[in-house]
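To start, the structure under review is shown below, and the notes come after it.
The values are calculated or read from the model by the stated rules, or taken from the named source; none is laboratory data. Note that this is a predicted model, so its numbers are computed, not measured. FYI the Cβ positions are ideal-geometry reconstructions off the backbone, even for glycines, and counts take in every protein chain you see. Calculation scope for accessible area: heavy atoms of the full protein, side chains included, ligands and nucleic acids excluded. Shrake-Rupley method; radii C 1.70, N 1.55, O 1.52, S 1.80 Å.
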Amino acid sequence: MVLASQKTDYWLNLSASMSWKSAKKTTAKEAMGLMENRNALLIDVRLPMQYRKVLIKGALNANRETVQLDLDLGDKRVPIICHCYSGFSSKTACRNLEQTGYENVYNLSRGFAAWKRAGGKIEN
């Protein structure tokens, strides 16, 4: 027989083991430094048509839901910065990467718009 309190404990433990930490946030200026000094990989999770129109120089395009399947870096310690336009959709990409073992995942705070405001290099 299982007591009700044991069921509650089971679900709390299961929930805790399935949770993930929130991705580290980085500003546009910090992201520029990570790219320059630590060879961070920049992943743009906006739609392909948005990516083709204008992008951050050096960014790769990937779907936020499948980015973890698209990357095969071997070294899961490589710094990865995910971004979208405003910083919201890239949180999903960060979570997916972290769940598959990537250790240094960053979310670009306020996304592409912040990068542009900070004077980051873009391509049309």
Test V105 against the stated conditions and say whether it is among the aliphatic types (A, V, I, L, M) and more than 22 Å from P48 (Cα to Cα).
-> no
Count of region 90-111 residues which are within 9 Å of the chain's Cα centre (by Cα) and in a helix (DSSP H, G or I) | 9
For K24, indicate whether it is surrounded by 11 or more Cβ atoms within 10 Å (Cβ to Cβ), at pLDDT 90 or above and basic (K, R).
-> yes
Can you tell me which residue among K116, K29 is in contact (Cβ under 8 Å) with a residue 40 or more places away in the chain and part of a helix (DSSP H, G or I)?
-> K29
For Y85, work out the one condition from (1) in contact with a Leu (Cβ under 9 Å, 6 or more places away or on another chain); (2) part of a loop (DSSP other than H, G, I, E, B); (3) of a type in the set (F, W, Y) it doesn't fulfil.
-> (1)
Filtering region 38-84 down to residues that are in contact with a Gly (Cβ under 9 Å, 6 or more places away or on another chain), open to solvent by 50 Å² or more (accessible area, probe 1.4 Å) and within 16 Å of N96 (Cβ to Cβ) yields K76
